[in-house]
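Taken together, the values in this text are just the output of simple stated rules run on the coordinates, not laboratory data. Every value quoted in this text rests on a predicted model; they were computed, and no experiment measured them. Here Cβ is always computed from backbone atoms with ideal geometry, including for glycine, and neighbour counts include all displayed protein chains.
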Amino acid sequence: MSLILYNPLREMDSFQKQMNQLFDEVFVPSERQGFNPKAELTETEEAYVLKLELPGISPDNLDIQATRDAVTVSGDRQDTHSTEKDGVRRTEFHYGSFHRVIPVPGAIQNSEVKANYDAGILTLTLPKVEEAKNKVVKVQLS
């Protein structure tokens, strides 16, 4: 028979972690209840290409800002119609505002960003700064 020492602080720490996890799952903060668009970032030799899934959002409701190392996209998806029956509203769509900051792995020319919005997909072409491009230079032997 082995002796096991009881440590009440370890038990309380475990209990606190379980309670925190429970509150995170049940009481979701309001900013996570809203709409959060999916994003995809790819890299080419000349630029980074960022795509965001924004179905049902008017381009007029989008705000896109680019810095040298990140892109911020925010907007608002508005509910156009509402149906209620017996005081119950049923929907699986997410409405409300969103705000995403997507860091870019390298420096970009934020003044040269191109944006295209087609079929609910926002595509941003983020050109790399000249010194960040992988340039191959032939070295001459003397």
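Over all other residues within a Cβ to Cβ distance under 13 Å of residue 54, the charged ones net out to -2, with Lys and Arg as +1 and Asp and Glu as -1. Seen from residue 72, the other residues with C-beta closer than 12 Å to its C-beta sum to a net charge of -1, counting Lys and Arg as +1 and Asp and Glu as -1.
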